[in-house]
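Novice: Here you go, one structure.
The values are calculated or read from the model by the stated rules, or taken from the named source; none is laboratory data. All values reported here derive from a predicted model rather than from experimental measurement. For neighbour counting, all protein chains shown are included, and Cβ atoms are generated from backbone atoms with ideal geometry for every residue, glycine included. Just so you know, the surface numbers come from the protein's heavy atoms only, side chains and all, with ligands and any DNA or RNA stripped out. Shrake-Rupley method; radii C 1.70, N 1.55, O 1.52, S 1.80 Å.
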Amino acid sequence: MIEVDIKKRFNAQTEISAKFASDASVVALFGRSGSGKTTVVNAMAGLVKADRGHIRVDGVTLFDSERAINMPAEQRGIGYVFQDGLLFPHLSVKQNLFYGARRLSPAHDGASSIPFDQVVDLLGIGGLMARDTPSLSGGEKQRIAIGRALLSRPRLLLMDEPLASLDSGRRGEILRLIERVRDEFGVRIVYVSHSIGEVSRLADDVVLMNDGKVVACAATEEIFNRADLRPFTGRFEGGALIEAHAVRHDMKYFLTTFKFDGGELIAPGVDTPVGARVRIRIRARDVTLATERPRGLSIRNILEGTVGAIDNRGGAISEVHVLLAGPGALSGRELLARVSTQALDEMQLTPGQPVFALIKAIAFDKRSMGFSA
Amino acid sequence: MLSKEEVEIVVLSLKVAFASVIFSVPLAVACAWVLARCSFPGKTLFDALVHLPLVLPPVVIGYFLLVMFGKNGWIGGALDAWFGVTFAFRWTGAALAAGVMGFPLMVRAIRLAIEAVPVRLEWAARTLGASRWRVFFTVTLPLAIPGLAVGVLLAFARSLGEFGATITFVSNIPGETQTLPLAIYNLTQSPGADAAILKLCIVSIVLSVAALAASEWVNRVARRRQSA
């Protein structure tokens, strides 16, 4: 259980005020840059001292202003993966990895066993041992940084925008590694990001931050589907998040079918066992609307539903909420479609009207799907 | 070549310079770290105090040293009585004067080097369980080595050239406190010593260039280790 309730004032204009609690294996702090996410994790790590409040992890009080407790950073047992890796440039790769391994004493009550060989294997860093630290690429540095933090056997791992300084190719790679770290080592992660893709893939709970304050703290699906939070979440890239599971693979066309409350989705084949849970993000701009079931179309996914609320802020683009019919009558699954306002007027869409939501199978890529074991 | 007396002068100068630098380094590193990484009330005053030898006339420093570290000075008297350490009119006094005069130069260089070490690297070390001491000795100091080398060189060169504070504090005693600059000064007071003066001047230049080369070498080795 992570419990945070802190306040910190920087000057008359800026005050960070964060209160949340979560028991999830991955909690994301999500919000625009400057919203105070990094300050919160720095306070959790003990690198920044909050003015008031308390921070507790699994019942251990790390900070409590009323009881005058402020455990030094080095005693908190909290690993930290920074945006830029922050490897020690004067130490070898191996020395970097072992820097925090002093905690390997049995007295430490941190995470369960995290064997060196297993970490090296999982992160694929065996071949980097002999390299000089400054000569590593961005992705390699981040792998070492994750390994270094893991080997200190933290009770909690903080990650502050760990993909921000990587190119898009490396991002997917590291994200996959983080998923495996979560699944194989059972380390609790607090993940800071302003990327909706990363957060919806990884996180079980999301702490939504805006302007130094926590706006909401809830399950990931809820946060990204809640209409009242759209001003904070939709601004990035509108869409809906759907929990589904793989039901079959089509080996001939290499497609995978996923089932969720609101129907079925066909996506390019993914290497995941049948039955595996997956979280799929459907971006609003990938959804097309039709008033009758279309024929002769290349589009694979046609979902039946009714028009819900229509957001039109007077621009060229409108957003239409589609309530999916699905097999179980009131499934409550909702999609978001981004269409031109002109099309909206021509189709004369009104709330309550039956509608078909069309999504190309290839709109789903690896980046819009998050897997969990 | 050099006469026996001249060799003695060079050896004494080197002894004074090395002693002054070796004893200054730990204190200078501590002061530099405090100035670079801490903030506390009175920091400006502390900073000014460290810089005092750089801005005051050396003779004034020499006089202060005489008052404080002389046989009857508050500190000098106590050191003499308790530990039998004497500074007045000894080579140790020359080393003290040289150390004090070179101190601000050393602190400045080390402070800049410590300030150039990203604080976040120290943060990373602390989240890995390293105490403040361990962070300092395994992260901050190793990364500040090039700056430390520069500071040591500056202080060493300054020690070799120290004149005003030394002559005021420990006088100009051949074989005890007469370093290179003091010997050269002595020779200028007697007529027809041009050749001897030139010889000592060349020795001074050779020593300074050697010190510069040594510090450059340390610097290069440290940088190669960090960014190869």
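Novice: Determine the gain in length on full extension of the stretch residue B:172-residue B:47; use 0.36 nm per residue of separation and subtract their C-alpha separation, reporting nm with one decimal.
Specialist: 41.8 nm
Novice: Roughly what angle does helix B:74-83 make with the longest principal axis of chain B, taking Cα atoms, 0 to 90 degrees, to the nearest 10?
Specialist: Once rounded, the angle reads 90 degrees.
Novice: Check each residue of the range B:122-144 and keep those whose accessible area, probe 1.4 Å, is at least 30 Å² smaller with all protein chains in place than in the chain alone; give them in order of residue number.
Specialist: Output list: B:123, B:124, B:126, B:127, B:128, B:129, B:134, B:138, B:143.
Novice: Treating the beta-carbon of each Lys and Arg as +1 and of each Asp and Glu as -1, no other charges, what is the dipole magnitude of the range A:240-372 about its Cα centre, to the nearest 20 debye?
Specialist: Approximately 460 debye in magnitude.
Novice: Ignoring ligands and nucleic acids, what accessible area does residue A:319 show with a 1.4 Å probe (Å², nearest 10)?
Specialist: 20 Å²
Novice: What accessible area, summed over both chains, is buried at the A-B interface (1.4 Å probe, Å², nearest 100)?
Specialist: 2100 Å²
Novice: Further question on the same structure: Mind giving me the nanometre distance, one decimal, between the label points for residue A:309 and residue A:255, set 7 Å out from Cα along Cα→Cβ?
Specialist: 3.4 nm
Novice: So how much slack lies between residue B:7 and residue B:115, counting 0.36 nm per residue of separation and subtracting their Cα-Cα distance, in nm?
Specialist: Length gained, residue B:7 through residue B:115: 34.8 nm.
Novice: For residue B:30 and residue B:68, what is the calculated FRET efficiency with R₀ set at 22 Å and r taken between the beta-carbons, to the nearest 0.05?
Specialist: Once the sixth-power term is evaluated, E becomes 0.60.
Novice: Considering only B:160, B:148, B:49, give the residue with the highest GNM mean-square fluctuation for chain B, with springs between Cα atoms whenever their separation is below 10 Å.
Specialist: Evaluated over chain B, the most mobile residue of the options is B:49.
Novice: Moving to a separate point now. Of the accessible area of the protein assembly as shown, with the probe set at 1.4 angstrom, what percent is carbon plus sulfur?
Specialist: The computed percentage sits at 58.
Novice: Using a 10 Å cut-off around each Cβ of peptide A:88-94, what is the average number of partner chain Cβ atoms that fall inside?
Specialist: 5
Novice: Per residue, how many Å² of accessible area does the protein assembly as shown show with a 1.4 Å probe?
Specialist: 47 Å²
Novice: Which entries of A:213/B:43; A:141/A:366; A:37/A:360 have Cα-Cα distances beyond 27 Å here?
Specialist: A:213/B:43; A:37/A:360
Novice: List the aspartates and glutamates whose Cα sits under 20 Å from the Cα of residue B:4, skipping any in the same chain fewer than 8 residues away.
Specialist: Cross-link targets: B:176, B:194.
Novice: Now, a different point. Measure out, as a whole number of angstrom, how far apart the alpha-carbon centroids of the range B:66-120 and the range A:195-250 sit.
Specialist: 63 Å
Novice: Please give the length that would be gained between residue A:247 and residue A:353 if that part of the chain were fully extended, namely 0.36 nm times their separation in residues minus their C-alpha to C-alpha distance (nm, one decimal).
Specialist: Stretched out fully, the residue A:247 to residue A:353 stretch lengthens by 35.1 nm.
Novice: Quick one: accessible surface of residue B:69, probe radius 1.4 Å, all protein chains present, in square angstrom to the nearest 10.
Specialist: 40 Å²
Novice: Would you mind counting up the charge near residue A:307? Only other residues with Cβ under 13 Å from its Cβ, with Lys and Arg at +1 and Asp and Glu at -1.
Specialist: Neighbour charge sum, excluding residue A:307 itself: -4.
Novice: Peptides A:12-21, B:188-197, B:215-224, A:356-365: what's the order by average Cβ count within 10 Å, highest mean first?
Specialist: With the highest mean Cβ count within 10 Å placed first, the list reads A:356-365, A:12-21, B:215-224, B:188-197.
Novice: With a Förster radius of 25 Å, plug the Cβ-Cβ distance of residue A:297 and residue A:176 into 1/(1 + (r/R0)^6) and report the FRET value to the nearest 0.05.
Specialist: It comes to 0.15.
Novice: How much FRET efficiency would the formula 1/(1 + (r/R0)^6) give for residue A:15 and residue B:82, where r is the Cβ-Cβ distance and R0 is 51 Å, rounded to 0.05?
Specialist: Here the calculated transfer efficiency is 0.35.
Novice: Once label points are set 7 Å from the Cα along Cα→Cβ at both residue B:198 and residue A:131, what is their separation, rounded to one decimal in nm?
Specialist: Distance between label points: 6.0 nm.
Novice: Okay, moving on. Compute a Gaussian network model of chain A, connecting alpha carbons closer than 10 Å, and tell me which residue from A:79, A:172, A:315 fluctuates the most.
Specialist: So, out of A:79, A:172, A:315, the one fluctuating most is A:315.
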